[in-house]
Amino acid sequence: MENTILSARDLNLYYGENHALKNINIDIPANEITALIGPSGCGKSTFLRTLNRMNDLIPIVKITGSLTYRGQEVYAPDQDVTDLRKHIGMVFQKANPFPMSIYDNVAYGPRTHGIRSKVKLDEIVEESLRGAAIWDEVKDRLKKSALGLSGGQQQRLCIARALAVKPDVLLMDESTSALDPISTSKIEDLAAELKKDYTIVMVTHNMQQAARISDNTAFFLLGELVEFGKTDQVFSMPRDKRTEDYITGRFG
C-alpha cells in the first residue's frame with residue numbers, strides 16, 4: 001500500500017520458549033484507525049508493543065523478521081529508541097497520570113526533549129489538551145494535581161501527554177476498557193478526530209468499538225494474524241471461518 005506507515009514482514013516474537021507472534025505480515029496505512037481484535041492472550045497487545053519497542057523492557061524477548069516505520073527498520077541496532085517512541089506514542093489501558101499538576105503532565109515530554117521556553121510550553125500544553133478534547137474542563141485548574149481528575153479525564157490527559165511530543169503514530173492499548181460509556185464515547189470521538197493528523201493503532205476487546213470507529217481491522221488468534229482488511233469487509237464478509245466464528249460470538 002502506498003500510504004503504509006508501519007510494515008511487518010515475517011515478524012516473530014518469542015518470550016523465552018513461548019512463540020507469541022508467528023510470521024506476522026501486515027501493512028498499516030497512515031492517517032487511519034487500525035483496530036487489533038481477538039481473544040485474550042492472542043498476541044494483539046504484544047504486537048502493539050513491538051511497534052514502539054515496549055517489549056524491549058522484557059529481558060527474555062527475541063524478535064525475528066522485519067518491522068519498518070516509514071521504511072526504517074525499527075529493530076536496527078542503531079535505532080534510537082527514545083526518538084522512535086517520540087514518533088510512536090502510547091496510551092495504556094489504565095490511565096497513568098504522573099503525580100504532578102495537569103500542566104506538568106503535559107509539559108513533561110517536551111521538557112525531556114529540551115523545550116524550556118515557558119511561552120512555547122504554554123502553547124504546547126494548551127494545544128495538546130485541546131487536541132485531547134479536555135482543555136475546557138481543565139483550563140482553570142492546570143496547577144492542580146492530575147490525580148484529582150476522573151478516570152475518563154485522566155485517560156484524555158494521558159492522550160494529551162502523548163500528543164505533546166508531536167508523535168506521528170498513537171498506539172492505544174485498550175484505552176477505554178476501564179471507562180464508563182460516556183467517557184468511552186468521548187475517546188472514540190476523539191480518535192476519529194485525531195486520525196486527520198495521526199495514525200492510530202488500537203487494541204480493543206470491544207468488537208462494537210472496532211466496528212464503529214476503525215477503518216481497518218486485524219484479527220489475531222493464538223499469535224497468528226488470521227485476517228486483516230477494511231473493517232466493513234472483515235465484519236460483514238470475513239474471508240476466514242475463524243474470524244467469522246469470533247465476530248459472531250461462537251468463541252472468544
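Here are some notes:
- The residue of the range 45-80 that is farthest from PRO29 (Cα to Cα), among those that are loosely packed, with under 13 Cβ neighbours inside 10 Å and of a type in the set (A, V, I, L, M), is ILE60.
- Residues of the range 102-114 classified as surrounded by fewer than 16 Cβ atoms within 10 Å (Cβ to Cβ) and in contact with a Leu (Cβ under 9 Å, 6 or more places away or on another chain), total: 1
Here is a yes/no grid of residues against (1) closer than 22 Å to ASP168 by Cβ; (2) under 19 Å from the mean Cα position of the chain (by Cα); (3) aliphatic (A, V, I, L, M):
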site	(1), (2), (3)
THR34	yes, yes, no
ASN55	yes, yes, no
PRO59	no, no, no
THR64	no, no, no
MET100	no, no, yes
TYR103	no, no, no
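- For the range 157-186, filtering for residues that are of a type in the set (Asp, Glu) and under 21 Å from VAL138 (Cβ atoms) leaves 1.
- Strands (runs of 3 or more DSSP E) fully within the range 1-94 that include at least 1 residues being free of Cβ contacts under 8 Å to residues at least 60 places away in the same chain: 4-15, 18-29, 61-69.
- Reported count of residues in the range 213-239, each being more than 10 Å from ILE33 (Cβ to Cβ) and surrounded by fewer than 18 Cβ atoms within 10 Å (Cβ to Cβ), is 9.
- MET172 passes every criterion in (1) out of contact with any Gly (no Cβ under 6 Å at 6 or more places or on another chain); (2) surrounded by fewer than 24 Cβ atoms within 10 Å (Cβ to Cβ); (3) modelled with pLDDT of 95 or more; (4) not β-branched (Val, Ile, Thr) apart from (2).
The values are calculated or read from the model by the stated rules, or taken from the named source; none is laboratory data. None of the values given here were measured: they were computed from a predicted structure. FYI the Cβ positions are ideal-geometry reconstructions off the backbone, even for glycines, and counts take in every protein chain you see.
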